[in-house]
Every structure is written in structure tokens, then in C-alpha cells.
Amino acid sequence: MQGSGGVYREMQQEYSAYAAQQDSTRDAAPTADSNESDRQASANDAVSTWAREVELAVAPVHYLCVSDVTDGHPADGARDGRALSAGGRELKVLIVASRFGGMRQRERQQIVNAVLSEHIASGALHSVQMRCWAPEEWEEKGSPVNLGHPVYRV
């Protein structure tokens, strides 16, 4: 993480405040949208957990961005057997860690895949696109903050 106030931590605080607001709204007036809100909150919790697992596995982390880019196609795939679960999430992960220095890209991705393998095998995670860079590589690439999608708010 960049210092103690990295982008990931700031997003986590923003999401916590938002989730608390959503909880109070949901408790006050339950509606049909409550089920969708509950499903989304559950998905957000899962993505946040996966982000922490990845962060711990490659610590110390210089920068981490996890974007939930789920577009619904796992539901179609579950009907015809191409996906394990209709509710599988799709992630884009940008992780910058000192540990990656001197490693091949494949080795870096194997570390991240090992952390997420249980979730992939269960169908909770449908796909993961990742970029695993050492800090010098990230800086050479202009220090991008995501992989072209909005940053997931954890």
C-alpha cells in the first residue's frame, strides 16, 4: 500500500460509510429492491474479502485496485454449462508489489491465482483479469490507477 492512507484504504472508508447509509435506508423501508441491495452488498463483501486475501498474500503491497466488472454473462453460461455459477463475479485486479521484482509475469499470476483458486473452483469467481507489477514497472507505465474500469469501492 502507498503509505498508510493508500487509495485502497480511502475507498474502504467511503464504502463503509455508504454501506451504513444503505443499511439504515433498507431497515426503514423494505421493498422489492431490498433483495437486490442484499445481493449487491453480499457481492461487495465477497470482492472486498478477495482483495484483502490478495493483499495479504503478496505483502507488502505498494498499490492495489480491484474492479468488479461483472456484466451478467455468467448467468447465460450457467444455463449451458460454460460457467459454474450464475452469480459468479468477474474481476480486474491491478496489484503492485515489491515481491514481484525479478519474477516472470506467469509466476506472479500463479501467486494470485493460488489465493483465489478456491473461489474460482466454487463458481463464486467467474474470471479474473490481472496485472501484477513491481513498483518500477508500474511507474514506467505511468502509475495507472485501474485497468480501464471504474474502481471498485471497498
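Counted by neighbouring Cβ atoms within 10 Å, the residues E137, E90 run from fewest to most as E137, E90. Whole-Hz Karplus values for segment 132-144 come out as 10, 10, 6, x, 5, 5, 4, 5, 4, 8, x, 6, x Hz, taken residue by residue from phi with 6.51 cos²θ - 1.76 cosθ + 1.60 and θ = phi - 60°; glycine and proline positions read x. Counted by Cβ distance under 10 Å from L147, the other residues give a net charge of +2, where Lys and Arg count +1 and Asp and Glu count -1.
Bear in mind that the values in this text are calculations on the coordinates, not laboratory data. Just so it is clear, the model here is predicted, and its values are computed rather than measured. Counting neighbours? That spans all protein chains shown, and the Cβs are built from the backbone with ideal geometry, glycine included.
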